[in-house]
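What follows is a set of notes on a single structure, which appears directly below.
The values are calculated or read from the model by the stated rules, or taken from the named source; none is laboratory data. Since the structure is predicted, the reported quantities are computational estimates derived from the model, not experimental observations. With ideal geometry, Cβ positions are generated from the backbone for all residues, glycine too; neighbour counts draw on all protein chains shown. We work out accessible area using only protein heavy atoms, side chains counted, and drop any ligands, DNA or RNA first. Shrake-Rupley method; radii C 1.70, N 1.55, O 1.52, S 1.80 Å.
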Amino acid sequence: MGIINNKATDPNKILPLTYPWAREHYKTGVSNNWVPEEIAMQKDVEQWKSASALSEKERRLILWNLGFFSTAESLTANNIVMAIYRHVTNSEARQYLLRQAYEEAVHTDTFIYCCDTLGLDPDHIYNMYNTIPSIKEKDDFVVNLTESIFDPDFTTAGTANIQRFIHDLIGYYVIMEGIFFYAGFAMMIALRRQNKMVGVGEQFEFIMRDESVHLAFGCDLINTIKKENPGAWSGSFAEQVTDLVRQAVVLEKRYAYDACPDGLLGINADQFSLYVEHIADRRLERIGLSKMYGTENPFPWLSESTDLNKEKNFFETRVTEYQTAGNLVWDD
Ligand code: FE
Ligand code: MN
């Protein structure tokens, strides 16, 4: 028994299932299927080309988010395929990882589509992870956090290695996908609510919905490894994890202030900071740790309003129906 280090696992035998939750996340992923080309960009192109539709601050915020996500998505895809897949040998968990890898390819495609339709300079967008310090700091933080499992000699044998593996999974799932994506989601969806760059905003909503499932899978994976290897989750290890989350929150706030320095109509970096604290608490609780901030959600509309839009969009714009209402899972 075990989701890692199980010599008895035959990775080609998916039935009978040991972890039905992994299969459920797979099915949710499939029912959320979408591709960026389904979303019209005409209005966005008009606004982007117009001299007056968007302020300089809004343009900067949009570029910062496209810059961060364009490279963060492929970083995540590489993590799954090159590192996590090798160590998680259970079949239904691997089936989910393949689904997630596909979704990351769709997300990568989304930013190609945005660059193409808006006529953005790819050298500018795809170099922001080198040229913009607050973006570089987030990417560097995750790359450093997840060094061990990229080591070709790394195995998950023994308590110290299991801790390293959990530590790296927290880097990918809880910090990258669970914290570093969320100020950007809030910014782009806030703009969308003001009818600015609605196509890009809708794509961010679809990505956010996918990411909420990635995060749920990641936390279930972490919690399963914890349960199956109780010696790995010591008090000092839990403190170390909490401290990583604290550092990640600092970086994500810095990013929010950098992308949105003086505030825009109805939204400002202080609110994004509160939102980051709120979601960091939710992530800590999700992996069995105490919350740190006790901050209320400054954007209660973020999950609810996007649920409604989504359903409306699906019925208005789609021929195919991938989505059923019962599968809308949000974890903001
Ligand atoms: Fe993604
Ligand atoms: Mn993801």
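Would you call Val106 closer than 21 Å to Leu251 by Cβ, within 16 Å of ligand 1 (Cβ to nearest atom) and not small (Gly, Ala, Ser)?
Numbers: closer than 21 Å to Leu251 by Cβ: no; within 16 Å of ligand 1 (Cβ to nearest atom): yes; not small (Gly, Ala, Ser): yes.
Judged against the criteria, Val106 is not a match.
Check the range 174-185 and report whether any residue there is within 15 Å of ligand 1 (Cβ to nearest atom), in contact with a His (Cβ under 8 Å, 6 or more places away or on another chain) and either closer than 18 Å to Ile135 by Cβ or open to solvent by 10 Å² or more (accessible area, probe 1.4 Å) (or both).
Scanning the range 174-185 turns up at least one residue that is within 15 Å of ligand 1 (Cβ to nearest atom), in contact with a His (Cβ under 8 Å, 6 or more places away or on another chain) and either closer than 18 Å to Ile135 by Cβ or open to solvent by 10 Å² or more (accessible area, probe 1.4 Å) (or both).
So, in the range 89-106, of the ones that are part of a helix (DSSP H, G or I) and over 15 Å from Thr76 (Cα atoms), which residue ends up farthest from ligand 2 (Cβ to nearest atom)? It would help to see each step written out before you state the result.
Within the range 89-106, the first condition is being part of a helix (DSSP H, G or I), and the residues that meet it are 91-106.
Filter again for over 15 Å from Thr76 (Cα atoms), leaving 91-95.
Details: Ser91: 21, Glu92: 18, Ala93: 15, Arg94: 16, Gln95: 16 Å.
Taking the candidates together, the pick is Ser91.
When you scan the range 15-48, how many residues do you find that are open to solvent by less than 60 Å² (accessible area, probe 1.4 Å) and assigned to a loop (DSSP other than H, G, I, E, B)?
Going through the range 15-48 one residue at a time, the tally reaches 7.
Mind checking which residues of the range 77-103 are within 14 Å of ligand 1 (Cβ to nearest atom) and over 17 Å from Leu169 (Cα atoms)?
Residues satisfying the conditions are Arg99, Tyr102, Glu103.
Condition first: open to solvent by less than 40 Å² (accessible area, probe 1.4 Å), more than 16 Å from Ala232 (Cα to Cα) and not in a helix (DSSP H, G or I). Now tell me which residues in the range 146-172 satisfy that.
Answer for the range 146-172, where residues must be open to solvent by less than 40 Å² (accessible area, probe 1.4 Å), more than 16 Å from Ala232 (Cα to Cα) and not in a helix (DSSP H, G or I): Thr146, Phe154.
From the set of residues in the range 15-50 that are more than 27 Å from the chain's Cα centre (by Cα) and modelled with pLDDT under 95, which is nearest to Cys115 (Cα to Cα)?
Top of the filtered list is Leu15.
If you check Leu75 against the conditions, is it within 16 Å of ligand 2 (Cβ to nearest atom) and open to solvent by less than 70 Å² (accessible area, probe 1.4 Å)? Before you say what the answer is, go through the steps one by one.
Details: within 16 Å of ligand 2 (Cβ to nearest atom): yes; open to solvent by less than 70 Å² (accessible area, probe 1.4 Å): yes.
When the stated conditions are applied, Leu75 passes them.
If the requirement is being within 16 Å of ligand 2 (Cβ to nearest atom), in a helix (DSSP H, G or I), open to solvent by 10 Å² or more (accessible area, probe 1.4 Å) and among the charged types (D, E, K, R), which of these qualifies: Asp109, Asp116, Asp123? Working first, answer last.
Details: Asp116 fails: within 16 Å of ligand 2 (Cβ to nearest atom); Asp123 fails: within 16 Å of ligand 2 (Cβ to nearest atom).
Checking each option against the conditions leaves just Asp109.
Say whether the condition of being away from ligand 2 (no atom under 12 Å from the Cβ), more than 18 Å from Gln203 (Cα to Cα) and among the acidic types (Asp, Glu) is met by at least one residue in the range 40-52.
We begin by selecting, within the range 40-52, every residue away from ligand 2 (no atom under 12 Å from the Cβ); these are 40-52.
Checking which are more than 18 Å from Gln203 (Cα to Cα) leaves us with 49-52.
Remaining after also requiring among the acidic types (Asp, Glu): none.
The answer is no, given that none of the residues of the range 40-52 is away from ligand 2 (no atom under 12 Å from the Cβ), more than 18 Å from Gln203 (Cα to Cα) and among the acidic types (Asp, Glu).
Restricting the range 264-276 to residues that are open to solvent by less than 30 Å² (accessible area, probe 1.4 Å) and assigned to a helix (DSSP H, G or I), which is nearest to Arg246 (Cα to Cα)?
Looking only at the range 264-276, we keep the residues that are open to solvent by less than 30 Å² (accessible area, probe 1.4 Å), and these are 264, 267, 269, 272-273, 275-276.
Those left that are additionally assigned to a helix (DSSP H, G or I): 269, 272-273, 275-276.
Values: Ala269: 18, Phe272: 16, Ser273: 13, Tyr275: 14, Val276: 11 Å.
Top of the filtered list is Val276.
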